[in-house]
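Okay, so here's the structure we're looking at.
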Amino acid sequence: MTDESKAIEKFDPSTLMDGVKDRVKATFVALIPDEAWDQMVKKEIDDWMRIRERGYNSREHISDFALVVQNEMKKRAIETVKKIIEEFEVYNWDDQGRKVVHENIQKMILEHADGILLGIVGSMIQQTVNELKSHIQAGII
């Protein structure tokens with residue numbers, strides 16, 4: 001016999017426990033009938049998908065699955081928005097030291113100028129027309 005084969009290994013109870021734990025798990029799983037196992041799995045999935053109220057006195061109802069999906073969508077949306085913003089965040093200055101609108105922002109404004117103008121001025125003009133009509137009907141004018 002060599003000295004190596006005579007060497008005593010230190011007893012590690014965790015390795016023994018892992019083996020026992022695995023055998024117990026396998027035994028219990030084997031004891032569960034397929035129908036009961038299917039019901040247990042279905043119950044866990046249903047519980048996970050069940051809509052729950054979030055927070056104290058909250059009216060929002062959301063399932064755990066929906067939370068996972070929403071969190072993933074939020075991460076992806078933030079990444080996309082960051083990439084888009086990077087295209088617009090560089091400032092340029094003219095010869096007099098004034099900030100110049102980035103060319104991508106200029107392009108976007110020109111492409112959507114009609115909608116922007118309508119959004120800024122449209123409600124003011126509509127309100128003026130409504131007040132004029134109201135004054136005419138009331139005999140103020």
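Coordinate-derived values only; no laboratory data. Quantities reported herein were computed from a predicted structural model and do not represent experimental measurements. When we count neighbours, we look across all protein chains shown, and the Cβ atoms used for this are built from the backbone with ideal geometry, even at glycine.
If you plug the beta carbon distance of GLU86 and ILE120 into 1/(1 + (r/R0)^6) with R0 = 22 Å, you get a FRET efficiency near 0.20.
Each peptide in 102-108, 43-49 was scored by the mean count of other Cβ atoms within 10 Å over its residues; highest first, the order is 102-108, 43-49. With N counted as the residues of region 76-141, its alpha-carbon radius of gyration over 2.2 N^0.38 Å works out to 1.89.
Within the shell defined by Cβ-Cβ distances under 12 Å, the residues around LYS83 carry a net charge of -2, with Lys and Arg each +1 and Asp and Glu each -1. The stretch between ILE32 and ASP64 holds 8.8 nm of extra length on full extension. This uses 0.36 nm per residue minus the Cα-Cα distance.
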